[in-house]
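Participant: One structure, as structure tokens, below. Some questions next.
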Amino acid sequence: MGLAPEAPLRWTPADVISSIGPAAAAHDISSAQLRCLSWYESKHDPYAVSATGDHGHMQFHVYRDGSSLMSGTPWAGESVYDPEAASNAAAWLIKRGYLRHWATAHLCR
């Protein structure tokens, strides 16, 4: 999984927004909820990095060994900055009861 943003920066907030609907549909969750989480977590910024070590538009925490919650999904080998991979990983996790992973989840029910 790539931790540093890919150079050149190739993904945009528009890519994030366009990845959300298909990911939500593929995992049978609410696209409005997934879009809301992305907005509150990163304002749809695919390269967002928080002071606490969360990365990408879905703000997966990246540990020192390079793993993240995304590592336990079918998108484990993908970059946390890839909107399609991160949206799918988040939708997959939400479908399996991991909504509590996101601190802003209470804003997006």
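Participant: Among the residues of the range 62-74, which ones are among the β-branched types (V, I, T) and touching a residue at least 40 places away in the same chain (Cβ under 8 Å)?
Facilitator: Residues of the range 62-74 among the β-branched types (V, I, T): 62, 73.
Listed by number, the list holds a single entry, V62.
Participant: Between residues in the range 24-35 that are in contact (Cβ under 8 Å) with a residue 12 or more places away in the chain and residues that are in a helix (DSSP H, G or I) and of a type in the set (V, I, T), which pairs lie under 6 Å by C-beta distance while being six or more apart or on different chains?
Facilitator: So the pair list comes out as I29/I94; L34/I20; R35/I20.
Participant: A follow-up question, please. Spot the failing condition for Q59; the list is (1) of a type outside the set (G, A, S); (2) on the phi < 0 side of the Ramachandran plot; (3) surrounded by 20 or more Cβ atoms within 10 Å (Cβ to Cβ); (4) under 12 Å from the mean Cα position of the chain (by Cα), and only one is missed.
Facilitator: (2)
Participant: How many of the residues in the range 75-102 are touching a residue at least 12 places away in the same chain (Cβ under 8 Å), over 19 Å from R10 (Cβ atoms) and of a type in the set (G, A, S)?
Facilitator: Matching residues across the range 75-102 total 3.
Participant: Shifting gears a bit: Search the range 37-52 for residues being within 20 Å of L99 (Cβ to Cβ) and part of a loop (DSSP other than H, G, I, E, B), and hand back the single one that is modelled with the lowest pLDDT. Spell out how you get there, then give the answer.
Facilitator: Step one: list which residues in the range 37-52 are within 20 Å of L99 (Cβ to Cβ), which gives 37-44, 48, 50, 52.
If we keep only those that are part of a loop (DSSP other than H, G, I, E, B) too, we end up with 43-44, 48, 50, 52.
On the way: K43: 97, H44: 98, A48: 95, S50: 93, T52: 90.
For the range 37-52, the residue satisfying everything is T52.
Participant: Quickly run through the range 60-109 and pick out the residues that are of a type in the set (S, T, N, Q) and under 19 Å from H27 (Cα atoms). I'd like the intermediate steps shown before the answer.
Facilitator: Taking the range 60-109 and keeping what is of a type in the set (S, T, N, Q), we get 67-68, 71, 73, 79, 87-88, 104.
S71, T73, S87, N88, listed by residue number.
The values are calculated or read from the model by the stated rules, or taken from the named source; none is laboratory data. Please read these numbers as outputs of a predicted model, since none were measured by experiment. Neighbour counts are summed over all protein chains in view; Cβ atoms, including those assigned to glycine, are modelled from backbone coordinates with ideal geometry.
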